[in-house]
1. I'd like to verify a number: residues in the range 177-229 that are over 23 Å from residue 162 (Cα atoms) and among the charged types (D, E, K, R), how many?
2. Got at least one residue in the range 10-26 being over 30 Å from residue 210 (Cβ atoms), among the hydroxyl-bearing types (Ser, Thr, Tyr) and surrounded by fewer than 19 Cβ atoms within 10 Å (Cβ to Cβ)?
3. Can you tell me which of 97, 179, 196 is closer than 18 Å to residue 309 by Cα, outside the structural domain of residue 33 (by TED's automatic domain parsing), buried (at least 18 other Cβ atoms within 10 Å of the Cβ) and at pLDDT 90 or above?
4. Listed residues 174, 148, 200; which is in contact with a Phe, Trp or Tyr (Cβ under 6 Å, 6 or more places away or on another chain), touching a residue at least 12 places away in the same chain (Cβ under 8 Å) and over 18 Å from residue 245 (Cα atoms)?
5. Tell me, yes or no, whether the range 156-170 has at least one residue that is surrounded by 19 or more Cβ atoms within 10 Å (Cβ to Cβ) and part of a helix (DSSP H, G or I).
6. It is to be established whether one or more residues within the range 218-234 are under 17 Å from the mean Cα position of the chain (by Cα) and modelled with pLDDT under 90.
7. Answer yes or no as to whether residue 266 is assigned by TED's automatic domain parsing to the domain that holds residue 297, outside any helix (DSSP H, G or I) and either among the basic types (Lys, Arg) or at pLDDT below 95 (or both).
8. I need every pair where a residue in the range 95-117 that is on the phi > 0 side of the Ramachandran plot has its Cβ under 7 Å from the Cβ of a residue that is among the acidic types (Asp, Glu) and part of a helix (DSSP H, G or I), sequence separation at least 6 or different chains.
Amino acid sequence: MIKTRCSTGKSHGKIILMGEHAVVHGEPSIALPFPAVEMTATVCEAEGPLTIDCSYYNGIAAEMPEILESMRTAIQSALAELQVSDENLAISLASTIPAERGMGSSAAVSVALTRALFAYFDKQLDQATLLRLVNISEKVAHGNPSGLDAATASGEAPLFYIKGQPFEAFPLNLKAYMIVGDTGVTGQTKEAVASIAMKLNGANPQPYRDAITRLGGLAQTAKSAIEANDPQQLGQLMNQAHEVLSFLEVSSPDLDRLVSAALSAGALGAKLTGGGRGGCMIALASTRSEAEKVEEAIRQAGAIRTWIYQMGGNEDA
């Protein structure tokens, strides 16, 4: 039996710690790689037109529904860069990243696909080319993407980022645990981004401009708190950020309920993460046992999935 030639590409999820929404408007943001959830794309030799097999669609790529347009764009961009045809290829995707939850699933798809296609055609792929190609499909998915999702889905270090400036990787020198809770409600990143843009261009923009600036300042201070290994301060900054994001109307009753439950269970801080209006929230705890209490509380409050992520420092009880 002749073995079919295949290549794979991998990526992982991301969690925005601070600065979501503000980053689109030139303020700093902090994103963390989230390897608890991951994406694998496999490209195999096949006969006939390009086919796609993923959880949303299984069939000929040319007939993919419009909702998968960013995936189609990612494939087309990579093939155009490689200067190859899309004939005689079969692509499959396997993912544990929940879609539309602010974990960067669309960027992770594009990163994994691009890596797999370059590997299949035995071409080198540098980080700059990867991010340029992924940004093309992210524009389809999100309208005005910051680029942060793509950089975090493809990298290993936390990133401090200001749009238009190089990503600044820094060590996650924080002895703490992050709890992630999924509301089970689809996040609405594109709509939330557009809603804030309308407020900033409306009749009374100043309070909203001030809110965006405040989110940027909180992200800047959060980086210092991480570098100083100060989970208590980081928790307070997370609480303040959630208040500002609520003012900008990108939270939701489900997110607020999980945030309140986390704080009542002793979390150092809690906030929404990502685009908001659904999706996920995050909370901070000093020890694993405290993190497990918070995790149980947000499950009781309605989280459909939870994860605990050891951020850095030594393992403890």
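1. Adding up the residues that qualify gives 1.
2. no
3. Answer to the check: 179.
4. The match here is 148.
5. Checking the range 156-170: not a single residue is surrounded by 19 or more Cβ atoms within 10 Å (Cβ to Cβ) and part of a helix (DSSP H, G or I).
6. no
7. no
8. Filtered contacts from the range 95-117: 104/149.
The values are calculated or read from the model by the stated rules, or taken from the named source; none is laboratory data. Note that the coordinates shown come from a computational prediction; the quantities given were computed from them, not determined experimentally. Cβ coordinates were reconstructed from backbone atoms using ideal geometry, including for glycine residues, and neighbour counts include every protein chain displayed.
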